[in-house]
Amino acid sequence: MVKVLLALLFIQTLAQAQLNELPACLHIEGRIVDYVTNSPLANAKLYVKSPTNRVKVAQSDATGWFEGDISCTANELIIEKAGYRSQNMPLRQKGESDLTTIAVFIPLLAVERQGKDKPYSQTEQTDYVHRKTASSAEKISKGTEQHSIFMIKDAVLNSPIEARVCFFFTKDSYMDCKESDSNGQVEYDFKEADIVALEVSAVGYQTFAGNLIVDAIDGRVLKHKIQLQRELTVLTVQTTSTSQCKLRADNKEITLSKIPGKPGWFCTYKVRPQLYELVVTDQSRTNRQSITLNNGLNYVQLPKKKVATSTSLSSTVDNTNYSIHSSIALLFSPDSIPMIYFQQGSYLLRSDSQEVLRQVAIYLKAHPNFTLQVTGHTDNVGEERKNKVLSDYRAVVAANFLILQGISESRLNKTGVGSKQPISPNDTEANKALNRRVSLKIINNL
C-alpha cells in the first residue's frame, strides 16, 4: 500500500511539474475581495485547470493580493476560500508565447450559514433533528401552512432575477419546481416540518444549491432572500495613472476602481455581458469608444501617450482571448459524451460538468431532431430507495441546466436508476466515485 501511495504521489508531482514547465501566456495579479463589501480576503487559493490537470498557482495574502502565472494550455481559473462560494472563470487563450500581464479584482460570495427558517448553502449542512413535542403538535391544525416568499436577487446589483426554484422534499422523496414572476419572487406553502433542498437556477448565473429547515408549521408568512452569483464578467483597463475610467450603458454609469499598487490599472466586475461606451478622461481630454464585454476576463490596453483627437481612441481590445461561450468548438464526440460526476450524497453540478452540458446544448441546438437521454446513477452506499431519489435529482438537475441553455424539456428524457447500473466495482472510494454520475446519450430520431 505504501508503495502504491508513493507511486501515485510521484505521478501527481510529475504531472504538476510538467504543467508548471509549460510556457506561460498570462501573468495575473490583483486582489481577492468580498463580493458584497469589497473588503480584501486572505488565504484564497487560485488554481488553473487544463484538459488534464488542476494546479495551484497563487494564494492571497493578508491584504487579499495574489500573483501567478497561467500556462498557455489552461482553460479555467478557479478561486476557492473557506466560507465562500467557489468562483470559476473559464479562459480562452491564443497560446502565444508572449507573456501578458493583467491586474484584476476577483470577487467571492460568502456562503449562507445553517439556520432555521432561512435558506443556506448545502455545504454548511450539519446534523439536525426537528422538534417533536406534544405542545407543538397540538398547535398544528388541519390546513395550517407556512407561507414562504422567496426573492431571487443579483448578489452585487441586488436587482430581481427571473429564476427557476426547485424544492426537493426529503421525507416524501418529492420534487416540485416553480418559475418566479418578473420581480424574481416565488411563493410556496409548506405543509409539514422538513429539511427541504433547494436548487435555484437562472440564465447567466451560477446555480444555488441550498437547504431550508422548515421547523414549524404555524401559519407564519416568511420572506427569504436568495442571492445568485453571476457568471463572472470582469473588465480591466490599463492606461495612464492620471486617468479616470467609466462605462456607460442604458443611461447608467459604472466607475472603474483603481487597483492599489498598480498605477494606471482600473477594474470592475459589476458589469454584464453587453455593449458599453468606455469613457476615459485624462486631465482635460476625454476619449470614448464602444466595446462589447463578454463573459469572463475582458482586457483593454490604452496608449499611454496623448492621442491626436478627443473623439477617437486608438486601443487594443482583446475580448476573444479570455471570453467564454463564443464560438466554442465541441470538446467531445457526440457518440461518447463525458460522464457528469457528483460528490457523495450530492446533486450539485460541478463547474466542469456545467461546461460539458453547455457543449451538449450547443450540439442539440445544431441538431433539432435529436433528443437526449439523461440517466442519473449513485454508488451503493445507503438505502436503495434513497439512492433512487438521489439519482432522479441528479438527472433532473442536469436536465434543468440544459433547459436554461435553451433546450426544450420535451427533448430530454430523464430517469434515475439508483445504484443498479454501476460501471465500476463499489469496493473502493475511487471506484464508488465513478458510479456517482449522470450519463448522457444523444438519440437520433430520424
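The values are calculated or read from the model by the stated rules, or taken from the named source; none is laboratory data. Fair warning: this is a prediction, and the values are worked out from it, not measured in the lab. All Cβ positions, even for glycine, are placed from backbone atoms using ideal geometry, and neighbour counts span all protein chains on display. With ligands, DNA and RNA removed, areas are computed over all heavy atoms of the protein, side chains included. Shrake-Rupley method; radii C 1.70, N 1.55, O 1.52, S 1.80 Å.
Structure data summary
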| item | result |
| --- | --- |
| Nearest-0.05 FRET efficiency for S424 and K178, computed from C-beta distance (R0 51 Å) | 0.90 |
| Rounded accessible area of E112 (nearest 10 Å², 1.4 Å probe) | 40 Å² |
| Whole-Hz couplings from phi, Karplus 6.51/-1.76/1.60, listed for region 262-268; x for Gly and Pro | 10, x, x, 10, 10, 8, 8 |
| Region 346-401 and region 203-222: distance between their alpha carbon centers, rounded to Å | 23 Å |
| I195 versus A82: modelled label distance in nm, points set 7 Å from Cα along the beta carbon direction | 2.2 nm |
| Local electrostatic count, A361, Cβ distance below 11 Å [Lys/Arg +1, Asp/Glu -1] | +2 |
| Listed residue pairs exceeding 23 Å between alpha carbons, taken from K153/K270; K223/K386; K49/K178 | K223/K386; K49/K178 |
| Projected label distance in nm at S284 and E162, using a 7 Å step from Cα toward the beta-carbon | 4.9 nm |
| Reachable aspartates and glutamates from K258, criterion Cα separation under 15 angstrom, eight or more residues apart if same chain | E29, D282 |
| Anchor K252: aspartates and glutamates whose Cα lies under 19 Å away (excluding residues fewer than 8 positions away in-chain) | D154, E277 |
| Semi-axes of the equivalent ellipsoid for region 245-287, Cα gyration tensor, largest first, Å | 19, 15, 7 |
| Stretch gain in nm, segment R248-D34, where the contour uses 0.36 nm per residue and the Cα spacing is subtracted | 74.6 nm |
| Counted charge near L278, where neighbours are those whose Cβ lies closer than 11 Å (Asp, Glu -1; Lys, Arg +1) | +2 |
| Set of aspartates and glutamates near K388 by C-alpha distance (under 12 Å), chain-local residues within fewer than 8 positions excluded | D379 |
| Total formal charge among the other residues, if their Cβ is under 10 angstrom from that of Q344, Lys/Arg +1 and Asp/Glu -1 | 0 |
